[in-house]
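To start, the structure itself, in C-alpha cells.
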Amino acid sequence: MGRWPAGATERLEQAAMELYQKRGFENTTVAEIAERAGLTERTFFRHYADKREVLFAGSAQLQVLLVSLVIEAAPSLPPIEAITAALAGAAAAFEERRAVVRQRQAIIAANPELQERELIKLAKLGAALASALRQRGVPEPAATLAAEAGVAVFRVAFDRWSGGSDELLLSEIIRESAGELRAVTSAG
C-alpha cells in the first residue's frame with residue numbers, strides 16, 4: 001500500500017477544474033479543492049506548490065519533451081522545421097486530454113493572473129527551444145527567431161485546436177500553422 005492515496009493527483013486535478021469552472025479560480029481555495037477530492041490540504045501541497053500549478057503542472061515535462069525532440073530531429077532539417085517537427089511530435093500528449101485542455105483554457109482565459117502565467121510558461125519554452133537549436137549548431141539570432149516563431153505557431157495552433165470544433169488533430173493544425181507562417185514570410 002502506498003504512503004499517499006492512490007490517484008491523488010488526478011483527483012485533485014479533477015476537483016480543482018470542477019471548482020474553478022463552477023466558482024472561478026479566484027474564489028476557490030486549496031482547502032476546498034482538497035475537500036472535494038477527499039484529501040487533506042497537506043496532500044494537496046505534496047502534489048502542487050499552489051492552486052495555479054494544478055493548471056500548469058505539465059509544463060516542465062512538455063518542455064523536456066520538446067527540447068529532446070528538437071535535439072534529436074534530423075540534422076538536415078532547417079531550424080524552424082526541427083521546431084515544427086518537435087511540436088507535431090509532442091501533440092499526441094494533448095490529444096487524449098482534449099476535453100480537459102478545453103476546460104483548462106477556458107479557466108485561464110477568464111483570469112488575467114493565469115494568462116500572465118501562461119505567457120511566462122511560453123517565454124520559458126521559447127528560451128529552452130532556442131537553447132536546443134544552439135546545441136544543434138544554429139547560430140544567433142537564427143536560433144531565437146526560429147524558437148520564438150515556433151512558439152507562435154504552437155500558440156496559434158493550440159488555441160485553434162482547443163477552442164475549435166473541427167476534428168483535426170493538433171499535429172495537423174501545427175503543420176498548417178507552420179505552413180501559414182512560411183507563406184506570410186516568403187517573398188512575393
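Observations on the structure shown:
- Residue among LEU133, LEU119, LEU168, LEU125 that alone is under 19 Å from the mean Cα position of the chain (by Cα) and farther than 28 Å from THR28 by Cβ: LEU168
- Hey, ARG98 at pLDDT below 95, surrounded by fewer than 19 Cβ atoms within 10 Å (Cβ to Cβ), within 13 Å of the chain's Cα centre (by Cα) and not assigned by TED's automatic domain parsing to the domain that holds GLU26 or not: yes
- Here GLN105 passes the criteria (1) of a type outside the set (Lys, Arg); (2) in contact with an Asp or Glu (Cβ under 8 Å, 6 or more places away or on another chain); (3) modelled with pLDDT of 95 or more except the one numbered (3).
- Residue selected from region 146-171 under the condition without any contact (Cβ under 8 Å) to a residue 12 or more places away in the chain and not small (Gly, Ala, Ser), by the criterion surrounded by the fewest Cβ atoms within 10 Å (Cβ to Cβ): GLU167
- Of the residues making up region 97-145, those that are assigned to a helix (DSSP H, G or I) and either of a type in the set (S, T, N, Q) or in contact with a Cys (Cβ under 6 Å, 6 or more places away or on another chain) (or both) are GLN103, GLN105, GLN115, SER131, GLN135, THR144.
- Matching option when the condition is crowded, with 19+ Cβ neighbours inside 10 Å, more than 20 Å from the chain's Cα centre (by Cα) and either farther than 19 Å from GLY126 by Cβ or outside the structural domain of SER131 (by TED's automatic domain parsing) (or both), among LEU12, LEU19, LEU55: LEU19
- Helices (runs of 4 or more DSSP H) lying entirely in region 1-93 (those with 3 or more residues that are over 29 Å from SER171 (Cβ atoms) and of a type in the set (Gly, Ala, Ser)): 30-37
The values are calculated or read from the model by the stated rules, or taken from the named source; none is laboratory data. Quick caveat, the model's predicted, so the values are computed rather than measured. Glycine gets a Cβ as well: all are built from the backbone with ideal geometry, and neighbour counts include every protein chain shown.
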